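The values are calculated or read from the model by the stated rules, or taken from the named source; none is laboratory data. The structure displayed is predicted, hence computed values, not measured ones. With ideal geometry, Cβ positions are generated from the backbone for all residues, glycine too; neighbour counts draw on all protein chains shown. For accessibility, only protein heavy atoms count, side chains too; no ligands or nucleic acids. Shrake-Rupley method; radii C 1.70, N 1.55, O 1.52, S 1.80 Å.
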Amino acid sequence: MSAPHPQVAVLLERARLSPLPTMDAVPAFVARRMYRERCLAASPVAPRVGPISLQLAPSPAGPVAIRCYRPAAAAKDEILPGLVYFHGGGWTIGDPDTHDVLCRQLANGARCAVFSVDYRLAPEAPFPAAVEDCFSAVRYVFENGNALKIDSKQIAVGGDSAGGNLATVIALMARDRGGPKLCFQLLIYPATDQNLETESLRRNGEGYLLTRRLMEVFRDYYLPQSRDYADWRASPAFAKSLAGLPPAYVLTCGFDPLLDEGRAYAERLKKEGVETVYREYPDMVHGFILFGGMVDTANAAVGECAAALRGAFERVPA
């Protein structure tokens, strides 16, 4: 693909002409506000879902807030599959509000409960704070299946970008710690290698919303100690083995700096015996999954993610 999709090109031109500073040039708290406004402007209309509630998962550092969605078509006491979702944003920006529409879409499309984790953000809470919060959240959902009206045999993890990174890490931790047993990984353009040395980063590191400079700023916030770049909890591509992980759906974009690491992670999953579906959107850019109000392909991609989740839940033995 020689150029981004025309609808994406419009977004890129707007970003190029914006009088606002880029997110790498402002403090983290300002970048969070800018990202929230961008998501709000580009999101589709929020679909109606069932009751939304808040849960607090205990963890060593204090409670972790989890926003809980149920699909619109579900009965009040119906037992559903569950997706624990980790939002993207470079471990620095993003929250359940920026990903609210996506979580609603996945809840309805996959007919599952979705648990959106409000993990601690860097630089205030650097690595491994987000990892600890996300694992505590997954464990809480698993241990409280009856109260949450979900089937604990049908729990998946998922996330986009930094959230995809966290999903891969939590899947590895769950495998190595003997549980919780997960049935699926939904990995939307996941960050898997903190070295930032891929060809796709060199090719796509400027002009496509996510830039090399912004990635470096977020990495400095999240990993202030460079020795942690090679820690598999930060760079799951460095895990000694991926064997025994749950099936995965890995989504990447052609004009994304993270293209190569997402593709390589999918290839390694397959090589090590993990059932993996790889889907590349050649004319999309990083972050597009949230842009369904302006990019039609985003809604189609969410639909494919939901279908992958439904299929995974259906394959879990009763």
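Points worth noting:
- 0 to 90° range, to nearest 10: angle between helix 212-222 axis and the chain longest Cα axis: 50 degrees
- Trypsin sites (Lys or Arg not before Pro) within the range 1-99: DSSP coil, no more than 15 neighbouring Cβ in 10 Å: Arg48, Lys76
- Angle in degrees between helix 6-17 and the longest Cα principal axis of the chain, rounded to the nearest 10: 60 degrees
- Trp91, Trp232, ranked by accessible area, largest first (probe 1.4 Å): Trp232, Trp91
- Derived scalar couplings ³J(HN,Hα) [the range 160-167; Karplus, 6.51 cos²θ - 1.76 cosθ + 1.60; whole Hz; x for Gly, Pro]: 10, 6, 4, x, x, 4, 5, 5
- For GluC sites (Glu not before Pro), the sites in the range 1-100 that DSSP calls loop and that have at most 14 other Cβ atoms within 10 Å are Glu78.
- Extension gain, Ala46 back to Glu199 (0.36 nm per residue minus Cα-Cα distance, nm): 51.4 nm
- Per residue, the accessible area of the chain comes to 41 Å² when a 1.4 Å probe rolls over the protein heavy atoms.
- Expressed as a whole percent, the accessible area of the range 178-318 that falls on carbon and sulfur atoms is 50 (1.4 Å probe).
- Taking the average, over residues, of other Cβ atoms within 10 Å as the packing measure, peptides 125-132, 139-146 rank 125-132, 139-146 from highest down.
- Taking label positions 7 Å along the Cα-Cβ direction at both Ser226 and Glu206, the computed distance is 2.2 nm, reported to one decimal.
- Helix-derived mean residue ellipticity, 222 nm - over the chain, DSSP H n ≥ 4, -39500 (n - 2.57), to 500: -12000 deg cm²/dmol
- Between Ile150 and Leu80, the built amide H atoms are under 5 Å apart, and every one of these is 5 or more places off in sequence or on another chain.
- The range 246-304-the range 127-191 distance, computed between alpha-carbon centres (Å): 19 Å
- Entries of Lys181/Lys240; Lys76/Lys153; Lys149/Lys270; Lys149/Lys240; Lys76/Lys181 with Cα pairs more than 30 Å apart: Lys149/Lys270; Lys149/Lys240
- Helix 259-271 axis, angle to the chain major axis (alpha carbon atoms, nearest 10°): 40 degrees
- Taking Lys and Arg as +1 and Asp and Glu as -1, the other residues whose beta-carbon sits under 15 Å from that of Phe86 total -3.
- Radius 12 Å from Cβ of Arg279, net charge of other residues (Lys, Arg +1; Asp, Glu -1): -1
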